[in-house]
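Everything below concerns the one structure shown next.
The values are calculated or read from the model by the stated rules, or taken from the named source; none is laboratory data. Only a predicted model underlies this, so the values are computations on that prediction, with no experimental measurement involved. Virtual Cβ from ideal backbone geometry, glycine too; neighbours counted across all protein chains shown. Note: accessible area is taken over every heavy atom of the protein model, side chains too, but ligands, DNA and RNA are not part of it. Shrake-Rupley method; radii C 1.70, N 1.55, O 1.52, S 1.80 Å.
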Amino acid sequence: MKTNMKRTLLSAIVAAGLIAAVAGTAMAHHSFSAFNTTDTKTVTGTVKKIEWTNPHIWIYIDVPNDKGGSDTYGFEGMSPNYLERRDWTRTTLKLGDKITVSFNPLKNGDNGGMFRNGKLSNGKVLTMNGAQ
Amino acid sequence: MRSSTKILSAIVSAAFFSAAFSWIASAQTYSTKPPTAADWSALAKLPDFSGVWERGGGGGAAGAGGAARGNAAPAAAAGAPAAPRGGAAAPPRGGNPAAPAAGAPARGAGGGAGAGAGAGGGRGGGGMSLTPEYDAKRRAYQANPPEDTQASNCLPPGMPGIMTQPYPMEFLLSPGKVTIVIEAYTQVRHIYTDGRKLPEDPDPRFFGTSIGRWEGDTLVVDTVGFSPQTLLAAGVPHSDKMRILERFRLTDPDTMSIETTITDPEALTAPYTTTSSLRRHRNWTIAEYICEENNRNGVDDTGKVKINTGISAGGTTPKKD
């Protein structure tokens, strides 16, 4: 039990480090000013559109809303170049895939934000640092 | 009648263009000699810089199990997000978590090498000793930092920032020249090793003008003449007297060390030296990076971010296809 807690704490620390690390990475092209990096939100939806483009990939998903319809969320991720060297390729994520995305929300009020990680129903985890 | 006018204008424009081009040609004062077979074979005796290199530990080995995945490495390469805001006030960012893994030597001058690539500077300025005039410029920047820089509009950072991007670069050696193909922003540096001298009054350029020479196993690159749009560190301009000396050498078969010393008698009170480390990835190729392909980030003239998410508030179909 104690070991488990330690492990959880350790992985939390590692995760925090990783986020800081990746935040640094994205800085190569732009700052994080458009995103609220102190807040992390999570939504689940269906992949509607993928822009596998430089300088950043954008993933759009449809998230069911309480009106019986759905809202589109957009997420900015790293670049294809960066991700493809880390096992997340153009075909890893497909249209129609169900995905749960954690993100730093946009400050401008649009739905979406900076992609932090995404969990697919097959257990694959996508992060800013590639696929695991 | 009409056709003679056409011919005349063709002649005039041909004359104009040939004049223009001959002027450009005459501005290039150094002619290279045709390389001989001996020149080509001499390259084989130089250290093997071939292949694709990335700062820090780099990513996973795609298709090879990813055993060498260095998660923390790119971070160290790009610096922390806070750096452009407070590069000087922040503690030195030299602590490259990837460095031990990559077998890099300890940093010399208080770090800062990795920070602030996003600011176009490539260096956070930690450990940099600025003259009062330039320190005032840095303070002014820090007192009112822009939300983002022109890099978010896809303007390449130039030197020295282009050497600290979280993307790989490839070294090409040919007789009399070293070419560095830089993936980030699709950039190229041309380093002449044919014995020519640096120009006395170089045109200001993003990469400056570079010459190189081999000192034993070390490629020493001397660069002058930088565009005023490149930065010494985040928010810190340089003078037209900035000079950058880089020493590239292999520290083990797949690790390259780059020691960078910046001098600028108007901006710096002392030379600023940093050391960074590149890792070779034999199974990588340089990829295309067209920043304008789908840039949804950006800043306006006042430095305020204007992101185009392709979504309107409340969530509707992406606007841009």
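Key figures
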| quantity | calculated |
| --- | --- |
| Carbon + sulfur, % of accessible area of region A:41-127 - ligands and nucleic acids excluded, 1.4 Å | 48 percent |
| Straight-distance crosslink candidates among aspartates and glutamates, where the alpha carbon sits under 20 Å from B:LYS33 and sequence neighbours closer than 8 are dropped | B:ASP194 |
| Simple spin-label estimate for B:LEU46 and B:GLU200 in nanometres, 7 Å along Cα-Cβ | 2.9 nm |
| A:ARG90 paired with B:HIS190, simple spin-label distance in nm, labels 7 Å along Cα-to-beta-carbon | 3.2 nm |
| Solvent-accessible area buried by B and A, counting both chains, probe 1.4 angstrom, square angstrom | 3700 Å² |
| Spin-label pair B:GLU215/B:SER174, simplified geometry with 7 Å Cα→Cβ offset, distance in nm | 2.8 nm |
| When each of A:LYS98/B:LYS306; A:LYS67/B:LYS306; A:LYS41/A:LYS107; A:LYS107/B:LYS137 is checked by Cα-Cα distance, pairs over 24 Å | A:LYS98/B:LYS306; A:LYS67/B:LYS306; A:LYS107/B:LYS137 |
